[in-house]
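These notes concern the structure reproduced below.
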Amino acid sequence: MIIAVDGPTASGKGTIARALAEHFGLPHLDTGLLYRAVGRQVFLDGGDPDNGGDALTATTFPDGLLLDPELRSEVTGGLASRVSVHASVRAALYERQRAFATQPGGAVLDGRDIGTVIAPDADVKLFVTASVEARAERRWKEMQERGAARSLEEIEADLRLRDERDRTRAEAPLRAAEGAVVLDTSELDRDAAVAAAIAAVEAHL
Ligand code: C5P
């Protein structure tokens with residue numbers, strides 16, 4: 001069974017994908033981490049994330065980079081969003097994601113284009129979304145817990161920028177795949193969102 005989970009930043013898709021993987025006993029790949037590693041590698045190389053050649057070179061990042069805690073930062077998220085615009089970068093990461101999706105026994109993958117590009121043949125496709133206000137507030141709370149000081153307004157402006165870039169790019173823009181179940185988590189807490197996702201998958205089995 002292949003489960004594709006797509007959606008914008010801070011929609012809850014990562015939490016949902018991890019919970020589905022655990023519930024159904026499937027391996028899970030957070031594909032955003034691959035783009036984050038490319039963004040981080042461009043930075044370490046002193047390259048320009050908006051330059052396709054620099055970004056493509058960075059796709060040969062060492063596997064160990066996937067464990068770098070800096071990958072989770074907002075700065076690296078912004079770099080990931082910039083390198084992921086390039087078709088050559090997306091193509092270079094395709095095989096690795098496709099191989100994960102088609103391993104025997106199935107898998108859960110989350111990202112922006114799993115249901116549309118990486119695994120259009122997925123058994124279940126979820127498109128997890130939430131209002132920009134709800135997502136900004138979640139991100140703000142997470143940051144407060146980590147002691148990072150950024151205003152809600154700044155976070156919301158950043159989210160809008162990333163959404164816009166992800167949705168309007170020519171290559172694999174963020175959108176719900178055909179046949180995807182849309183799950184709006186704006187009014188749901190973690191447990192309610194996970195329960196709704198499990199129910200959606202079970203309804204499609
Ligand atoms: O999901 P996450 O915030 O970690 O993704 C970081 C960035 O990587 C996104 O803003 C998006 O531009 C890019 N990405 C992508 N395709 C994916 C996963 C992530 O373009 N499948």
Expected unfolding gain across SER73-THR102 under the 0.36 nm per residue rule, minus the alpha-carbon gap, is 7.5 nm
Restricting to Cα pairs under 8 Å and 6 or more apart, the percent relative contact order of the chain works out to 33
When the charge dipole of the chain is computed with +1 on Lys and Arg Cβ and -1 on Asp and Glu Cβ about the Cα centre, the Cα farthest towards its positive end, among ALA19, VAL182, THR116, belongs to THR116
Ignoring ligands and nucleic acids, THR168 exposes an accessible area, probe 1.4 Å, in Å² to the nearest 10, of 90
In debye to the nearest 20, the charge dipole size for segment 51-144, taken about the Cα centre with +1 at each Lys and Arg Cβ and -1 at each Asp and Glu Cβ, equals 160
From most to least accessible, 1.4 Å probe, no ligand or DNA/RNA atoms counted, ASP6, ASP123 line up as ASP123, ASP6
Given the candidates GLN103, ALA91, THR76, the one whose Cα lies deepest towards the positive end of the charge dipole of segment 73-114, counting +1 at each Lys or Arg C-beta and -1 at each Asp or Glu C-beta, is ALA91
Computed for the chain: size of charge dipole around the Cα centre, +1 on C-beta of each Lys and Arg, -1 on C-beta of each Asp and Glu, debye to nearest 20, value 180
Rounded to two decimals, the Debye log10 I(q)/I(0) of the chain (Cα scatterers, no solvent) at q = 0.07 Å⁻¹ is -0.19
Helix-only [θ] at 222 nm, the chain, -39500 (n - 2.57) per DSSP H run of 4+, per residue, nearest 500, equals -15500 deg cm²/dmol
For the chain, dividing by residue count, accessible area per residue (probe 1.4 Å) in Å² works out to 47
Computed Rg/Rh for segment 31-86 (Cα atoms; Rh = Kirkwood radius) stands at 0.90
Taking only C-alpha positions in segment 1-53, Rg and Dmax in angstrom work out to 14.6, 42
With all protein chains present, the chain has a carbon and sulfur share of its accessible area (1.4 Å probe) in percent of 53
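The values are calculated or read from the model by the stated rules, or taken from the named source; none is laboratory data. This is a predicted model, so every value here is computed, not measured. Glycine also receives a Cβ, built like all others from the backbone with ideal geometry; neighbour counts cover every protein chain displayed. All accessible areas refer to the heavy atoms of the entire protein, side chains included, with ligands and DNA or RNA removed. Shrake-Rupley method; radii C 1.70, N 1.55, O 1.52, S 1.80 Å.
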